[in-house]
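Each value in this text was obtained by applying a stated rule to the coordinates, not by laboratory testing. Just so we're clear, the structure is a prediction, and the values are computed from it rather than from any experiment. We place every Cβ from the backbone using ideal geometry, glycine too, and count neighbours over all the protein chains shown.
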Amino acid sequence: MPRKVVRQERRVRNLILDYALGISILGLIPIPRLFTLKLLVAFGLILKLIWDIGKLWRFRKGQDLLAIAGVFFGVLGALAMAFTAWLTFFGLGIFVPYLKGLAFAAALFTLPWGIGQAVNQFYASGDESGIRRR
């Protein structure tokens, strides 16, 4: 694999990790009755993550119908993984009460991670002729 591609993948992966960690911090805020606000902020940050991934790939074009379907199912999979992460920590919180407080943060980490990976694969599958050369 060329070094340029490896560097690009590393930049995108680090960006996704930064957003996932930042969004998961929202789940750790202990102020009650802020659930809707936390979800709105998380949704906004996920949209910003998608935009930033597109910018890193320079909004590469040339994806086929299969890549578009892949993003759709990738987002559905990310939602399912986030729900599973929440359910796991919630279930463990029955036995270890401190873990129940981490359930929402685990879901908010998993969701942008999965969506970011799906969007990254979408842009990586595009045609290279659409990229501006440096």
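Charge dipole (Cα centre; +1 on Lys/Arg Cβ, -1 on Asp/Glu Cβ; no other charges) of the stretch 3-130 amounts to roughly 360 debye.
Couplings 3J(HN,Hα) for the stretch 91-99, derived from phi with the Karplus relation 6.51 cos²θ - 1.76 cosθ + 1.60 (θ = phi - 60°), are x, 5, x, 5, 8, 10, x, 5, 6 Hz, where x marks Gly and Pro. 3J(HN,Hα) along the stretch 28-42: 8, 5, x, 7, x, 6, 10, 4, 5, 5, 4, 5, 5, 5, 4 Hz, from the Karplus curve 6.51 cos²θ - 1.76 cosθ + 1.60 with θ = phi - 60°, whole Hz, x for Gly and Pro. When the P(r) of the chain is calculated, the portion above 18 Å amounts to 58% of the C-alpha pairs.
Taking 0.36 nm per residue of separation and subtracting the current Cα-Cα distance, fully stretching the chain between I31 and K100 would add 23.3 nm.
Each of Y19, A69, T88 was placed along the dipole of the stretch 3-130 (beta-carbon charges, centred on the mean Cα), and the one lying farthest toward the positive end is Y19. For the chain, lysine pairs with C-alpha atoms less than 21 angstrom apart, excluding pairs fewer than eight positions apart on the same chain, total 5. How would the stretch 1-67 be classified by its alpha-carbon gyration tensor: rounded, prolate or oblate, with rounded meaning a/c under 1.5 and the a/b versus b/c comparison settling the rest? Because a/c hits 1.5 or more and a/b exceeds b/c, the stretch 1-67 counts as prolate. Spacing of the modelled spin labels on A69 and A124, each 7 Å from Cα toward Cβ, amounts to 2.1 nm.
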